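Trainee: Structure provided below as structure tokens; questions to follow.
Nothing in this text is a laboratory measurement; each read-out follows from the coordinates by a stated rule. Keep in mind that this is a model prediction, so the values were computed, not measured. As a convention, Cβ positions derive from the backbone with ideal geometry for all residues, glycine included, and neighbour counts pool all protein chains shown.
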Amino acid sequence: MANPKRRWSKARTGKRRSQWKLSVPGLARCPKCHTFKLPHRVCKECGYYDGKEIIKV
């Protein structure tokens, strides 16, 4: 089995972990009720998607 030859420094570990973060989801406005929703999803407020009623709210 392969084993590490030497220990990684704290700075190197921190550099790798600096990219491990949450990103803000890109929100779009619903054309029907103008609330924010996730793109390519049914609006939770009015139930419309692509100009058609999908869910009765």
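Trainee: Just how large is the dipole of the chain about the Cα centre, in debye to the nearest 20, putting +1 at every Lys and Arg Cβ and -1 at every Asp and Glu Cβ?
Mentor: In total the dipole reaches around 840 debye.
Trainee: Relative contact order for the chain using alpha-carbon pairs under 8 Å, separation at least 6, rounded to a whole percent?
Mentor: Here the relative contact order equals 17 percent.
Trainee: Same structure, new question: Within straight cross-link reach of K10, meaning Cα distance under 28 Å, which lysines are found once same-chain residues fewer than 8 apart are removed?
Mentor: K21
Trainee: What residue among L22, S9, I55 has its Cα farthest toward the positive end of the dipole of the chain, where the charges are +1 on Lys, Arg and -1 on Asp, Glu, each on the Cβ?
Mentor: S9
Trainee: Return the lysines within reach of K44: Cα separation strictly under 25 angstrom, same-chain partners fewer than 8 residues apart disregarded; answer none if there are no such residues.
Mentor: K32, K52, K56
Trainee: Divide the volume of the convex hull of the Cα atoms of the chain by its number of residues and quote the answer in cubic angstrom per residue.
Mentor: 153 Å³
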